[in-house]
Amino acid sequence: MKKDILKHELVPDHVILSKSDVQKVIKELNIHLEQLPKIKPDDPVVKEIEAKPGDVLKIMRKSPTAGKFVTYRLVLE
Amino acid sequence: MKGILKKISQINFGLMSPEDIRKMSVTKIVTPDTYDEDGYPIEAGLMDPRLGVIDPGLKCRTCGSKGGDCQGHFGSINLARPVIHVGFADTIHKTLRSTCRSCGRVLLDNNEIKNYHEKIEKMFKNEESVNNLIKEIYTVARKDKCPHCEEEQEDIKIDKPVSIVEGNYKLTPSEVRERLEKIPDEDSLILGVNPKVARPEWTILTVLPVPPVTVRPSITLETGERSEDDLTHKLVDILRINQRLKENMEAGAPQLIVEDLWELLQYHVTTYFDNEASGVPPARHRSGRPLKTLAQRLKGKEGRFRSNLSGKRVNFSARTVISPDPNLSINEVGVPEIIAKEVTVPVYVTEWNMEEIKKYIQNGPKVHPGANYVIRPDERKIRIYEETKDTVIEKLEPGFIVERHLKDGDIVLFNRQPSLHRMSMMAHEVKVLPYKTFRLNLCVCPPYNADFDGDEMNMHVFQTEESRAEAKSLMRVQEHILSPRFGGPIIGGIHDHISGAYLLTREGSIFREEEIFQMLKHAKVPLPKKTGKNWTGKQLFSLLLPDDLNVVYRAEICRKCDECLKKECKNDSYVVIEDGVLKSGVIDDKAYGAFSGKILDHIVKEYGTDRAREFLDSATKLAIAGIMKKGFTTSTNDEEIPQEARERIEELLDKAESRVERLIEAYKNDELEPLPGRSMEETLEMKIMQVLGEARDKSGEIAEIYFGMENHAVIMAVTGARGSMLNLTQIAACVGQQSVRGGRIKRGYSERTLPHFQKGELGARARGFVHSSYKQGLDPLEFFFHAMGGREGLVDTAIRTAQSGYMQRRLVNALQDLSVNPDRTVRDNRGIIIQTMYGEDGVDPAKSDYGKVVDLDRIIEEIRIKSSK
Ligand SMILES: [Mg+2]
Ligand SMILES: [Zn+2]
Ligand SMILES: [Zn+2]
Ligand SMILES: [Zn+2]
C-alpha cells in the first residue's frame, strides 16, 4: 500500500537542477556550492526523485509570509 | 597593549597521553610539603618556583618573564599505582562492555565493523555529528561470545563512581588499563575514541598533571598567615597518600594494606577532579566546608563558563532603583548626581575643547561636571585630587585623555533584566538629577516591563565615539517605538495617559481659553493665537497632530454595535482625523497606548521617529495636565450598586443554583443526554460550568447597568487604561467559579472538597462557586476555594517563567551566530545559507504594518477620506 509521497500536500515540490541552472543559482547568491543548505541522501523525497549526491534540488513551497518561496538544497554523500 | 602573538588555525579535542603530560611538565612534584621554615617554597614541592611566578617583582625561572606576564607552567606527579579518571568512568564501563575480555576486539563481527567504519568516515566527511551512531554501536556491540576469539563474555557493571565490577570480581585500575591497551586502533574509532587524538587507556591516569601556581594562588591573611587554595590542599592529600603507597609497596607490605592505600589514592584523585561526584563523600576543609575542586570551578551558574566567560562584571556601569518622572522625554533617563560623578566618559583633549576640559578638571572629582582621571599619551593614568588639579591643568596638552563626569546629553545604555528582547536595552540621553534613583518616562515601562515597586535597572556608559554613534542611530528609545514582535507600537501611553486623554476629548468636554493655555504650557506645546472663545478638548488635542494626518479607526471604548453608526456613534467611538483635526471620536488606548496605539503607529510610519517622539512626549504631558484639571480618583465606592440590584443578583444566582441541582438530579436518574464524545460525568461538569458561567456574566450585566461613564473605575476599564469590566463586576456583583486544573474544585478530602459537605456532593457551593462579591466579602469556605485557585495561578506563573527561560536560553544559543546579510540572505558564521531570503519575504517586522508588507484596507480608507472632501 505504497503512497506517492510526492503528491502529499505537506511535501513541497523538489526539482533536480541542471548543471547550468546550478551555476546560475550559485552566481545569483554569490556563494560556493558548499554553502547551500543540505539534504540527506536518504531523505525520502531524494530517494523518490532519484537525486544523486552532489545534485542541487530546487524546492518550491508554500510560505505563510511570502505566499510562495523557493530554496535550494545540496544532496549530501 | 600587547599584540596577538599567534593565530589559532585549529583546535583538537582529545586526551593527553602520559608522555604528553610528562613532556609538558617542568618538574616532578614529589614532596607534600610546600614551604620550609623560612617561608621559601620547597623544590619539587607544590609551590616549586619553576611552576611560575605571580609576584610582579620576581622573574620566572622557567620562562624568564616577570610575574603577571608568566602564565605559569605545569608540573606532574608520578602515581605509584594507576587510578581511574572520574570523568571517564562511564566511557570506560561502556568500552569494556563492548570489547572482548580476552582479545580486546569490539564485540562485532567483521562485516559490522566494516559497515560502521564506512558510515563514520562518511559522517566525518559531511561534518556530521557521530554521537548517535556511537550510541547505537554501544548497544549493538554486546555479545555473549567474542566473534573473533570465541571467548565467553562476562557481565560488567559499574559501581558509582569508579568501581568496575566483572561478575563478582572488582577489577583494579591496572587490570582495566591492560584491557583497554589491547583494543586495536581500528576498533577504538568505532567505540568513539579517535586514535589520532586519544587512546582508550589514557582514561586511566598514571601521571597526574599539576596545575601552575597561577591557577591556585595562595592568599596571605592580615595576620600574616598563609592560606592555600583548595586545589593545593587536594594535591597535598594526593601526594601524601601517593608517598605512603609507594613506601608500603617497596617495603613489601601485605596486599590488604596496599589495596586500602590504593583505594584512598583513588578517592583523593576522584575528589580532586570532582568533589560532587555521586557516591563519594565530598572532601572537606578543616572548617567543614566542602572543597571547590576542578569540576566545581567550571560547573553551573557560578562556574567559569556562565559567570566569567558567557557573562562578566563590567566597569562604567551603575545600578539603582528606578522611579517615574513624567517630565522627562521618552529618550531621556534621570541619573543621580552621585552616579554621574562616579562613571565617566573619556574625552580626547584637543585645542578646541581645552578650555572646557580645564573647567572640568578645575571642578575636580567632587563637584559635578568634573573629572576623575587624566590619561597621558604614554598611557599613564593619573587620578585628579583636590590638591593636584592645578598641576594637572598646567601639564594638560592636546592628545591627553580626560575621564570626565557624565553630564546632560551623554548617551548611555539602559537595561532591565531579564533582557528578553532587544527593547530591554535601549540608549537614553542623560539628565543629571538630584536624589538616588534612576528616573524614566512612563511610556518606556512596557518595553522594559518595569514598574516602581522596587525594580532596579542597570546603566552602561559608552567609552568610544563609534559605540556612541551606533547606539544613537540604532538603539535610541525613539527608534524602538515599533516592536518587531507585532509591527505596532510597544512604547506608548499607559494608565493616566489614557484616562486623561479620554477626559479631555470626550463629548461635552469644554474649557475656557485660559485653561487650554495652561494645559498647553504644561505640555510644553507652543501656544496658538488667542480666539477669545471656549475650546473643546478635541480642538486641543488636534494641536498635537501633524497637519496632514488622516486616520480612521474604532476606539477602545467601541461596544461593537451590530450596526456601526460611524460618525454618529452614540459612544463617540468612531475616530476620524482629517488633515490633523480630530473630527469625531475619543482618544483612548487605541490612539496612543502601548501595544495598540493607531495614531502613534501611523505617525511613526508616516512621519518618522522624531515626530513620533515629539507627539508622544506632548500628548502624554497634555493628558496628565487634563487629568489634573478634571480630577481623577477611584475607590470601592465606584463599585457600589443599589440594594435592588443586589436582590436581583441574589435571585439570579439562586435560580442558577437550582438549575445546577436539577442537572445533578437528572444525572443521578440517568436522564442526562451525554454530549457527543463525552462521558456522563464530563457532560454534567460541562453543563454545570456553563450554567454557573452564565450566572456570573448575567450578574455582571446587572451591575453594569449602574456603571455609567461618569464612574472613574469604569472610565479606566473601558478606555483600556487599567482593569477590566470583569474586575469591576467581580468586585460589585459576583466572583464566580474558582478552578484548579481547568475544572471545578474536586480535590481535598475523600469524595468531597471539605468536611462541611456530604460525600459525593456536586452542588455549586460544594465545588468552589463563589456567590459573594469582593466588596461584600467571601465567606470562609469561599475564601478557602479562592485561595486554592489563586495558589494555582501563582505556581503556574512561577513554573512558566522557569520553563520559558530555559527555552529562551537554548533558542538564543542555537541562533546567536545567524545574521541577515546585505543581500537579505540569512547566514551562519561560516557563511552557510540558512534562508535565501530573510523570513522568506524579506520584510523587517518592525517596519511592517502589523506583520504585513502593506495594510491595503487602511490605505483605501484613508484615500476615501481625502477624496471625500
Ligand atoms: Mg516590579
Ligand atoms: Zn614562567
Ligand atoms: Zn576475543
Ligand atoms: Zn459604535
per DSSP, antiparallel bridges as share of beta bridges in the stretch B:317-480, % nearest 5, sits at 75 percent
Looking only at lysines whose Cα falls under 29 Å of B:K7's and that sit 8 or more positions away or on another chain, we get B:K23, B:K59, B:K66, B:K125, B:K196, B:K299, B:K312
Contour minus Cα-Cα span, B:N308 to B:H421, at 0.36 nm per residue, comes to 38.4 nm
If one compares the long axis through the Cα atoms of helix B:110-125 with the longest principal axis of the Cα atoms of chain B, the angle in degrees, nearest 10, works out at 50 degrees
Burial-style ranking of B:401-413, B:558-570, average other-beta-carbon count within 10 Å with highest first, yields B:401-413, B:558-570
Here the stretch B:262-275 yields Karplus 3J(HN,Hα) values (6.51, -1.76, 1.60; θ = phi - 60°; whole Hz; Gly and Pro given as x) of 4, 4, 5, 4, 4, 4, 5, 5, 4, 5, 4, 7, 8, 8
Surrounding charge for B:S17, neighbours by C-beta under 13 angstrom, Lys/Arg +1, Asp/Glu -1, total +1
Honestly the stretch A:5-75 on the Cα gyration tensor test (a ≥ b ≥ c root eigenvalues; a/c under 1.5 rounded, otherwise a/b vs b/c for prolate or oblate) is just oblate
If each part is reduced to its alpha-carbon centroid, the stretch B:852-867 and the stretch B:264-287 end up apart, in Å, by 72 Å
For the B:Y385, B:D844 Cβ pair and Förster radius 51 Å, calculated FRET efficiency rounded to 0.05 is 0.50
Checked the stretch B:804-869 with the C-alpha gyration tensor, a ≥ b ≥ c its square-rooted eigenvalues, rounded below a/c of 1.5, otherwise prolate if a/b is larger than b/c and oblate if not; verdict oblate
Using alpha-carbon positions, the gyration tensor of the protein assembly as shown gives root eigenvalues a ≥ b ≥ c; with a/c under 1.5 called rounded, otherwise prolate if a/b exceeds b/c, else oblate, the class is prolate
With T = 25 °C, eta = 0.890 mPa s and Kirkwood Rh from C-alpha pairs, the Stokes-Einstein D of the stretch B:90-239 in µm²/s is about 137 µm²/s
Quick calc: nm separation of the 7 Å Cα→Cβ label points for B:K866 and B:S323 -> 4.8 nm
Subtracting the Cα-Cα distance of B:E118 and B:S174 from 0.36 nm times their residue separation yields 16.8 nm
For the pair B:E606 and B:E681, the simple spin-label estimate (label points 7 Å beyond Cα toward Cβ) gives in nm 6.0 nm
Nearest 10, in degrees from 0 to 90: the angle of helix A:19-29 to the longest Cα principal axis of chain A is 70 degrees
Restricting to lysines and to Cα separations under 26 Å from B:K775, and discarding same-chain partners fewer than 8 apart, the set is B:K655, B:K698
Along the stretch B:151-167, Karplus-curve 3J(HN,Hα) (6.51, -1.76, 1.60; θ = phi - 60°) to the nearest Hz, with x for Gly and Pro, reads 5, 5, 9, 9, 6, 10, 10, 10, 9, 4, x, 10, 8, 9, 10, 10, x
In this structure, the FRET efficiency calculated for B:S772 and B:A802 from their beta-carbon separation, with R0 = 35 Å, to the nearest 0.05, is 0.50
Partner shielding of A:30-38, as the mean number of partner chain Cβ atoms within 10 Å, equals 4
On the formula 1/(1 + (r/R0)^6), with r taken between the Cβ atoms of B:C103 and B:N829 and R0 of 51 Å, the FRET efficiency rounded to 0.05 is 0.65
Extension length gain for B:E515 and B:R297 (0.36 nm per residue less Cα distance), in nm, is 71.8 nm
Long-range amide H partners of B:I587, meaning residues 5 or more apart or on another chain whose placed amide H is closer than 5 Å, are B:T505
Mean Cβ-within-10 Å packing, highest first, puts peptides B:583-596, B:22-35, B:143-156, B:192-205 in the order B:583-596, B:192-205, B:22-35, B:143-156
Taking a crude spin-label model, label points 7 Å out from Cα along the C-beta direction, the A:N30 to B:T531 distance in nm is 5.7 nm
Any aspartates and glutamates whose Cα falls less than 18 Å from that of B:K866, other than same-chain ones fewer than 8 residues away, would be B:D547, B:D548, B:E578, B:D579, B:E606, B:D855, B:D857
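Just so you know, all these numbers are worked out from the coordinates, no wet-lab data involved. Because the structure is a prediction, the values reported are computed rather than measured. Note: ideal-geometry Cβ built from the backbone for every residue, glycine included; neighbour counts use all protein chains shown.
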